[in-house]
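What follows is a set of notes on a single structure, which appears directly below.
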C-alpha cells in the first residue's frame, strides 16, 4: 500500500484537531439517534397510517407490517432544467428496484433547483447561493417525518448537491447515497462557444448567432458538459464515497445509467441499521473524506464555488475547514485533468479518457488520496473501478491504468501542472482565492490602476462605452453574501477576455463569485471581509495601484497605509437586493451569512 503523502496526513490531522470538540458533539447527536428497529416503529398508529395512505398496496402492506426498510427519496426534479429533468422517471425506477430487494421507496420531499445558467447576469442570481441553504432546510423538512431507514438524494447542479449534503449530514444516523443524472452528450465545442461569446461582446455578431451557439452547446437533458460547479459536485460526491463507483459521468437515458440508479436503491436497502453493513452518512464522512474532496478538486481544476461549499458541508458534520487547508493541499496536488474552462475538452471526453476510475487510481498510487476512507460501497480504495453492464445488471472492473488521451487526463508523474492551481490570496485588501489553472503563466501577475465598480452592469456599460481599453484591475465590490447574496459574476468573463486578447493587462478583484467556469482572467474572488461589512475593498479608489500576484498568492495595494486607513469606506446602499423577485424574502440570510471563507452560510454547526 502506498504511503500517504505527509502533507495529506498533516492537513487531515489538523482538521481533526481543530474540530475535536465540535465533531465529538456531532457524533454524540447522531449516535443517540441510531435506530434499533425500522424507523416507522417509533411512530404511532395514526402517524403510520398517514405515511402509507398514498402507497401502492404492496408498499402499504410492508409499511404497516414494519417488515421492510423504507428508503426516502429527496428529489430536485424539475423539467425546465436539463440536469434535473431526467429525475422525472427515477422514483418509479427506484420503487421497482427497492421491491426487488424487499424494501419500500417513497418520495420524502422535493427541493428547489435553480440554474445559474438561466439566472447568470440576472437579478435572480442574487438568490442562487442562499438556495443551497434553502435546499438543506427543505430536505430536512422532508426527512423530519422520521419514517425512513436510508435516503437517496437526487440532485446534480451548483447549490443543489451541497445543500443535499448538508441535510444528509444533519440526518447523519441515516445512510445516504447520492444518485446523479449524468452529463448531456457533447455539443458545440467549447472553444467555438467562447469565440462566439466574445464576438458578441465586441458587437461583431448579433443575438441570433449567439443564441444559435448557446443552443448547440446546451441541447438536451443532462448536466452542462463543461467542468463547472455541477460536474465538480459529481466528482466530489464520488471521491467522498457518496456515489456508487463510477456513477458521476454516465449519460442520461442509457441502460448503464438506469442500472446504476437501480443499484443505488439496492445498496441503500443493504446499508441500513437493520442490515449487516450499517453505513450512516455522518460517520462515513470524516476528515479523510473532506481532504479527499479537496484533493480531487485540485487534481481536476474544479470549481472555485467549492471554496464556499466544502467548508459549509464540512461544518454540517462538525468539521472546521479553512482556506489554508485548501492552499496547502493545492500546493502538493498535481493538476491531472484539462477540462473546459481549463482546456477545450468536456466531461464526456474526460470520462472516455479514463474518467474517475483512472483519476482515483492515480491519486491513490501517489499517496494523495486516502483509500481507507469509507464509502457507500466499500472504501475509496475500490473507487478506481468503473461500472459496466453484464446481463442487464451493473458490475465493476478495474479502470484503465493508462489514459486514453494525454491531452485531457494524465498520470501523477506527468501532470499538466505540479500543483492544483488554487491560490489563497492575502494582502492589505483581505483574503480570497484565485484559480490560476486556466490562466496562462504570462497573465497571472497584473499590476495596474484600479477601476472601481459597484455592479457588474456598470463594468459592462464602461466596456461598451469604450472606456476600458487599457491596463486595469477591476474592483467589483458590494457583491458579497451580506450585500446581495454573492451572485456569480461570470457574465464579466467575455468582456474581460476581450480586453486581455487585445493585449491589455486586466484582472478582477471582487467580494463576489466568478463560478465554476472561472476562466483565463486572473481573478481574486470571495475577498473577505466584504465591502458591505467594512472590508478594505470598500476604501479602494479609482487609480489606486493594485498588484494581483497569482503565483505568490498576494493581493497588494500600492497606497500609503496611513492614507488608506484614513479613508471613509464607500457606503453600501442596499436598495437593489431588498426589492423585487423575492430578494426581500432573503434579508435574514444576508444578515446572518458567515464570511466567504467560512462558507457564506447563515447557519454553522461548530461548537
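Each listed q (0.20, 0.22 Å⁻¹) maps to a log10 I(q)/I(0) for the stretch 32-126, found by the Debye formula over equal Cα scatterers with no solvent: -0.97, -1.10.
For the stretch 515-557, the equivalent ellipsoid derived from the Cα gyration tensor has semi-axes of 19, 15, 10 Å, listed largest first. What the Kirkwood sum gives for the stretch 194-332 is a hydrodynamic radius of 17.8 Å, with every pair of different alpha carbons counted.
Convex hull volume of the Cα atoms of the stretch 29-84, normalised per residue: 144 Å³.
Once the Kirkwood radius over Cα pairs is known for the stretch 388-449, the Stokes-Einstein relation at 10 °C and 1.306 mPa s delivers a diffusion coefficient of 100 µm²/s.
Rounded to the nearest 0.05, what FRET efficiency do residue 60 and residue 458 have when you use their Cβ-Cβ distance and R0 = 56 Å? It comes out at approximately 0.40. Could you tell me which of rounded, prolate or oblate describes the stretch 248-292, using a ≥ b ≥ c as the square roots of the eigenvalues of the alpha-carbon gyration tensor, with rounded for a/c under 1.5 and, failing that, prolate when a/b is larger than b/c and oblate otherwise? Oblate, since a/c reaches 1.5 and b/c is not below a/b. Note on the stretch 79-136: percent of Cα-Cα distances in each 5 Å bin, starting at 0 and stopping at the bin with the largest distance, equals 4, 16, 18, 18, 15, 11, 9, 5, 3, 1. Equivalent ellipsoid of the stretch 250-367: semi-axes from √(5λ) of the C-alpha gyration tensor, largest first, are 26, 23, 13 Å. One quarter of the convex hull surface built on the alpha carbon atoms of the stretch 422-595 amounts to 9.7 nm², the projected area averaged over directions. The gain in end-to-end length when the residue 418 to residue 584 segment is fully stretched comes to 55.2 nm, 0.36 nm per residue minus the alpha carbon separation. Relative to the longest principal axis of the Cα atoms of the chain, the long axis of helix 323-332 lies at roughly 90 degrees. You can think of it this way: the chain between residue 276 and residue 573 has 101.1 nm of extra reach, that is 0.36 nm per residue less the Cα-Cα gap. In plain terms, the residue of 359, 93 with the fewest other Cβ atoms within 10 Å comes first and the most crowded comes last, giving 93, 359.
Bridges between two residues of the chain, per DSSP, are antiparallel at a rate of about 45%. On the beta carbon distance between residue 93 and residue 395, with R0 = 22 Å, the FRET formula returns roughly 0.70.
Kirkwood radius, the stretch 509-593, all distinct C-alpha pairs, inverse of mean reciprocal distance: 15.1 Å. What does the C-alpha gyration tensor say about the overall shape of the stretch 352-407? Classify as rounded when a/c is under 1.5, otherwise prolate if a/b is larger than b/c, or oblate. The shape class here is oblate. With bins 10 Å wide beginning at 0, the percent of Cα pairs of the chain falling in each bin runs 3, 17, 28, 27, 16, 6, 2, 0.
None of the figures in this text is laboratory data; all of them are computed from the coordinates on show. Just so you know, these numbers come straight off a predicted model, no measurement behind them. Reconstructed Cβ throughout: ideal geometry from the backbone, glycine too, with neighbour counts over all protein chains shown.
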